[in-house]
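Please treat every number below as a calculation from the coordinates, not as lab data. Keep in mind it's a predicted model, so treat the numbers as computed, not measured. All Cβ positions, glycine included, derive from the backbone under ideal geometry; neighbour counts span all protein chains shown.
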Amino acid sequence: MLASLPRPPTDTSRYGTFPQKSDLPAAPGAPVKDDGQQAAATTAKRGAPMPNYPSAPRHSGFVPSESSLPPSRGSLTAQHHRGRPSWCPPPAPQEAGARLYPLHALSVANIPNSSRGKTSARSSTIPTPEGLQGRRCKLLEEDSPMVQAGKRQRQRYVTKVGKCQVNLGNIQDKKRFLSDIFTTIVDLKYRWFLFVFMMCYVVTWVVFGFIYFLDAWVRGDIGHQGDPEWQACIENVDGFVSALLLSVESQRTIGYGTRMVTANCAEGVILLIAQSIVGSMIDAMMVGCMFVKISRPKKRAQTLIFSKNCVISRRDEKLCLMFRVGDLRDSHMVDAKIRAKLIKSRQTAEGEFIPLEQSELNLGYDTGEDRLFLVEPQIICHVINRHSPFWDMSAESLRREQFEIIIILEGIVEATGKWSGGGGGMTCQARTSYTEDEILWGYRFEPCMSLEKGAFQVDYSRFEMTFEVQTPAASAKELHELKELEQQEHSTLSLYWDHLLQPC
């Protein structure tokens, strides 16, 4: 536990947190102090006044000493400071020149491994009560709800690759799947689909082969092999293996000519007709399932990419939620449409709890901006107005929210138009999701398209890049109210100035 303590300040004599020995070797000829003199010198250093260091506040009569102040832990988020117990001493101020990080990032002090190991070894040698006090505060910080909420893995409704994390269970009426056997077979995984595909043929071959063998054995064709005067129903069938070969040759229309069904028996002719019909039905169904499965545009969604993060910034003096979508193929999507859903649990005024309620996010449905000509990467914008669920959400309240945004992109695959007579194609759907910790407040996407050699060049290496812009941390509602207040003040001043300019 002591090894996990953060790095103390460089000049420990100023703060007196971790008593350490000097790493520098003693100069030759210098007098060596005994343990009592070293303890007295350390006490004198601790008692010296510390410049530019705030005094610890008092909490319920408990005054922490200077030696109980914890070491500097680098720049932490505001949530982490709020999770500190009230009686724990405040952290030391940041060192000069510390790097500032955005609000969405959790910055930790940059501690080299070698220095960290030396500090841990030194602090573990002297288990002082002050060290126990600091460790207790650190453990309480790690066990705080804010920190545990950040460490806990978030369960997504839809993964980043578009897979829905919903498992259906306790289905009582499973006969409905057999009523739509074609879709059931197509929806199977490839290993099960290939197993069903092979078993359909193998089972029919074995069943009809057994019937051929049974008919030849009952009629005595097997016992009269080589008899020229015997009128056989099934010729050249002397066992089950030869009957199985006859079944395969008949169903697959191979016809080697050595084994055949003659006209000496009616049941042989009926059996051959039945096998031909059943074989044609199996061919039509299984070949159709195979064609549909390999030609489904589901894999087309692998080349439709979304940005890893959403950004919130101002566009045309309006606060907007934006993300980027792109197509990696030269064959473009036809009639591409995009929509977004907000997944968030809430409790009604009557006390009813609605888990994972779905609400629509307007991406330009009324203006037609949701219909995309997806030739180059597009930045999709959701204007945060009074009809948006993010109307009263600020940068501070965004950290406390828990929701998920589902993005659905649909379009017709251009390459599949020829399979439907040239009048259309198969519909493809790509999905992704964004949680609240994947939204960057005050950022904007970098341009990734340029003009080179008479054509527009798209650089997908800049697809995920963002840069920070000046964005107010207030919500869209607060910004709107502030703008209205400024307009009212401006109109009041204008009326007052016009009144002053009027002649007496």
Could you tell me the center-to-center distance, by alpha carbons, between the stretch 322-379 and the stretch 162-223 in angstrom? 40 Å
Glu235's amide H: which non-local residues (gap 5+, or another chain) put their own amide H closer than 5 Å, with H modeled 1.01 Å from N in plane and none for Pro or chain starts? Met260, Thr262
Using alpha carbons only, how many angstrom separate the centre of the stretch 248-289 from the centre of the stretch 430-447? 60 Å
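Can you flag which of Lys299/Lys344; Lys163/Lys293; Lys160/Lys344; Lys175/Lys344; Lys160/Lys299 are past 23 Å Cα-Cα?
Values: Lys299/Lys344 29 Å; Lys163/Lys293 18 Å; Lys160/Lys344 17 Å; Lys175/Lys344 34 Å; Lys160/Lys299 15 Å.
Checking Cα-Cα distances, Lys299/Lys344; Lys175/Lys344 exceed 23 Å.
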Within 10 Å, count the other beta carbons around each residue, average over each peptide in 395-405, 230-240, 303-313, and list them highest first. 303-313, 230-240, 395-405
Under a point-charge model restricted to the Cβ atoms of Lys and Arg (+1) and Asp and Glu (-1), what is the dipole moment magnitude of the stretch 187-295 relative to its Cα centre, in debye to the nearest 20? 660 debye
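For Ile171 and Val207, compute 0.36 nm times the residue count separating them, minus their Cα-Cα distance, and round to one decimal in nm. Kindly include the intermediate steps, with their values, before the conclusion.
Numbers: separation 36, 0.36 × 36 = 12.96 nm, distance 3.33 nm.
The span from Ile171 to Val207 would gain 9.6 nm if fully extended.
In debye, nearest 20: dipole of the stretch 300-481 around its Cα centre with unit charges on the Cβ of K, R (+) and D, E (-)? Intermediate values should be presented prior to the final figure.
Details: 22 positive and 29 negative charges, 78 e Å.
The dipole magnitude comes to about 380 debye.
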Nearest-5 percent of antiparallel DSSP beta bridges in the stretch 300-481? 95 percent
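State, as an integer percentage, the relative contact order of the stretch 187-295 based on alpha-carbon contacts under 8 Å between residues 6 or more apart. Write out the running numbers ahead of the final one.
Numbers: 94 pairs, mean separation 26.4, N = 109.
RCO, the stretch 187-295: 24 percent.
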Other-chain or far-sequence residues with amide H under 5 Å of Leu440's (modelled H): Cys310, Val311, Ile312
Packing-based ranking, highest mean first, of 343-355, 259-271 given that Cβ atoms within 10 Å are counted: 259-271, 343-355
